[in-house]
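Peer 1: Before we start, here is the structure in question, set down as structure tokens.
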Amino acid sequence: MKNFFKLDKPTFSFEIFPPKGSGELSQIFATVDALASLDPDLISVTYGAGGTSRENTAEIASRIQRDYAIPALAHLTCVGSTRGEMRATLDSLRERGIQNILAMRGDIGDEGTKDFKHASDLITFINENYDFHIFAACYPEKHIEAYSMQQDLEYLKAKCDCGVDVLISQLFFDNRFFYSFRDSARRLGVTTRIEAGIMPITSPSQISRMVSMCGASVPEAVQKIIRAYGHNAMAMREAGIAYATNQIIELLAEGVDGIHLYTMNQPDIAKRICENIRGVLYSLRVKRG
Ligand code: FAD
């Protein structure tokens with residue numbers, strides 16, 4: 001299996017989500033089959049995001065490693081958990097051979113927080129008791145609850161100081177937010193590698209759902225695409241693939257540490273994007289290697 005941490009920059013990874021409820025896993029492994037054929041550096045599996053199952057994250061991540069020899073990243077949130085519950089979850093991830101965890105707080109619901117108030121509490125807990133590689137979330141347009149970008153960046157620095165190996169960013173549609181965020185984080189002393197999270201736009205409803213969930217701004221260029229092609233699923237999909245491709249090519253040219261593609265379990269879209277960027281990714285890896 002590749003060692004994600006020894007790869008030449010830049011890396012290219014995928015995110016998938018488990019089925020809702022305790023649903024059938026055959027569909028998700030058809031998706032993993034297709035994504036694995038694109039030779040990603042890592043595949044991450046979400047945890048309860050958008051109402052999807054939490055139970056299957058560990059199972060899917062461990063099978064990605066075991067059956068496909070691709071490094072897997074298990075997402076994990078700590079909101080609403082006690083230390084005992086978190087220990088049981090982490091023990092089970094370790095028993096399954098998981099090595100990489102995306103350690104997050106999660107969204108605060110009615111139950112509020114319990115033993116872990118912030119992702120940094122979980123990260124400290126993991127580093128004190130386990131030897132997982134730790135990934136954490138970051139937000140180029142600031143986290144939706146944060147009072148200001150500066151405050152969010154200071155908490156990010158504190159989070160990284162607890163011991164984070166890799167940051168993965170929230171989605172964004174305007175690369176300038178990412179550059180400005182990355183430069184500010186570096187100025188504050190954040191040295192952790194930062195992967196850019198890219199979500200191809202595929203429909204107007206998907207955009208409005210994402211925007212209301214994470215607060216990403218929708219630039220005029222994307223609004224134009226929605227106005228022109230939003231009524232035609234095929235045209236919208238093509239435009240979304242082209243837009244994400246351009247975002248990625250520019251990010252790579254700007255020296256991004258890595259691209260994390262939110263695949264939305266649509267390997268056909270991931271495949272098209274991979275085909276579009278394969279040449280530039282290869283040339284950069286050879287140049288920087
Ligand atoms: P934190 O880092 O704890 O930050 C949350 C807020 O608290 C921020 O506003 C921050 O500024 C503030 N803060 C941080 N530390 C402190 C402190 N010490 N004192 C006061 N304020 C502080 N959610 C899921 O449920 N499942 C998933 O699988 C999932 N995957 C994700 C993957 C990525 C790449 C990203 C970017 C997000 C993902 N999320 C997922 C969403 C995430 O759970 C939410 O954004 C959540 O609201 C914040 O989690 P966090 O780990 O970033 O929190």
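The values are calculated or read from the model by the stated rules, or taken from the named source; none is laboratory data. Note that the coordinates shown come from a computational prediction; the quantities given were computed from them, not determined experimentally. A quick note on method: Cβ atoms are made from the backbone with ideal geometry, for glycine too, and the neighbour counts reach across all protein chains shown. Areas reflect the complete protein model, heavy atoms only, side chains present, ligands, DNA and RNA absent. Shrake-Rupley method; radii C 1.70, N 1.55, O 1.52, S 1.80 Å.
Peer 1: I need the shape label for the stretch 131-259. Rule: rounded when a/c is under 1.5, else prolate if a/b > b/c, else oblate, with a, b, c from the alpha carbon gyration tensor. Each step should come with its number before you reach the end.
Peer 2: Working: a/c = 2.27, a/b = 1.89, b/c = 1.20.
Prolate shape, in that a/c is at least 1.5 and a/b is the bigger ratio.
Peer 1: While we're on this one: Could you give the dipole magnitude of the chain about its Cα centre, charging the beta-carbon of Lys and Arg +1 and that of Asp and Glu -1, in debye to the nearest 20? Please report the intermediate quantities before stating the final value.
Peer 2: Working: 32 positive and 35 negative charges, 117 e Å.
So the magnitude is around 560 debye.
Peer 1: If each DSSP helix of 4+ residues adds -39,500 (n - 2.57) and the sum is divided by the residues in the chain, what number results at 222 nm, nearest 500 deg cm²/dmol? Don't skip to the end; give the middle numbers.
Peer 2: Working: 10 runs with 138 residues, N = 289.
Using -39500 (n - 2.57) per qualifying helix, the result is -15500 deg cm²/dmol.
Peer 1: Using a 1.4 Å probe and ignoring any ligands, DNA or RNA, find the accessible area of residue 194 and quote it in Å² to the nearest 10.
Peer 2: That residue has around 0 Å² of solvent-accessible surface.
Peer 1: Ok, one more. Using a Förster distance of 35 Å, how high is the FRET efficiency between residue 37 and residue 128, based on the Cβ-Cβ distance and rounded to 0.05? The partial results should precede the final answer.
Peer 2: Values: r = 39 Å, r/R0 = 1.12.
Calculated value: 0.35.
Peer 1: Using a 10 angstrom cutoff on alpha carbons, build the Gaussian network for the chain and name the most mobile of 109, 48, 230.
Peer 2: In this elastic network of the chain, the residue with the biggest mean-square fluctuation among 109, 48, 230 is 109.
Peer 1: Provide the per residue accessible area, probe 1.4 Å, for the chain, rounded to a whole number of square angstrom. Before the final figure, lay out the partial values.
Peer 2: Numbers: 13170 Å² over 289 residues.
Accessible area per residue, the chain: 46 Å².
Peer 1: A further question on this structure: Which of rounded, prolate or oblate describes the chain when judged by the alpha-carbon gyration tensor and an a/c cut-off of 1.5?
Peer 2: On the way: a/c = 1.33, a/b = 1.23, b/c = 1.09.
Judged from the Cα gyration tensor, the chain comes out rounded (a/c under 1.5).
Peer 1: Along Cα→Cβ, 7 Å out, is where each label goes; now give me the distance between the ones at residue 218 and residue 147 in nm to one decimal.
Peer 2: Result: 3.1 nm between the two label points.
Peer 1: OK, next. Which one of 243, 47, 147 has the biggest mean-square fluctuation once the chain is modelled by GNM with Cα springs under 10 Å?
Peer 2: 147
Peer 1: When the chain is modelled as a GNM with alpha-carbon springs shorter than 10 Å, which of 87, 193, 227 fluctuates the most?
Peer 2: Residue with maximal mean-square fluctuation among 87, 193, 227: 227.
Peer 1: Run the reach check for residue 114 against lysines, Cα to Cα strictly under 21 Å, same-chain hits fewer than 8 apart removed. What comes back?
Peer 2: Filter leaves 159.
Peer 1: Under a Cβ-Cβ cut-off of 14 Å, what is the net charge of the residues other than residue 116 that fall near it, where Lys and Arg count +1 and Asp and Glu count -1?
Peer 2: Numbers: positive: 83, 87, 105, 114, 117, 159; negative: 85, 107, 111, 115, 121, 128.
Taking every Cβ under 14 Å from that of residue 116, the sum is 0.
Peer 1: What size of dipole, in debye to the nearest 20, comes out for the stretch 206-289 about its Cα centre when the only charges are +1 on Lys and Arg C-beta atoms and -1 on Asp and Glu C-beta atoms?
Peer 2: 140 debye
Peer 1: Classify the stretch 1-81 from the C-alpha gyration tensor, please: rounded if a/c falls under 1.5, else prolate or oblate depending on whether a/b exceeds b/c. Could the numbers behind the result be given before it?
Peer 2: Working: a/c = 2.23, a/b = 1.44, b/c = 1.55.
The shape class here is oblate.
Peer 1: Another one. Where the centroid of each part is defined by its Cα atoms, how far is the stretch 3-58 from the stretch 160-177 in Å?
Peer 2: 19 Å
Peer 1: Out of the total accessible area of the stretch 131-279 (probe 1.4 Å, heavy atoms of protein only), what percent is carbon and sulfur?
Peer 2: Numbers: 3490 of 6560 Å².
Its accessible area is 53 percent carbon and sulfur atoms.
Peer 1: GluC sites (Glu not before Pro) within the stretch 123-199: which are DSSP loop residues with at most 15 other Cβ atoms inside 10 Å? Spell out each step's value before the answer.
Peer 2: Values: sites: 128, 141, 145, 154, 195; in loops: 141, 145.
Filter output for the stretch 123-199: 145.
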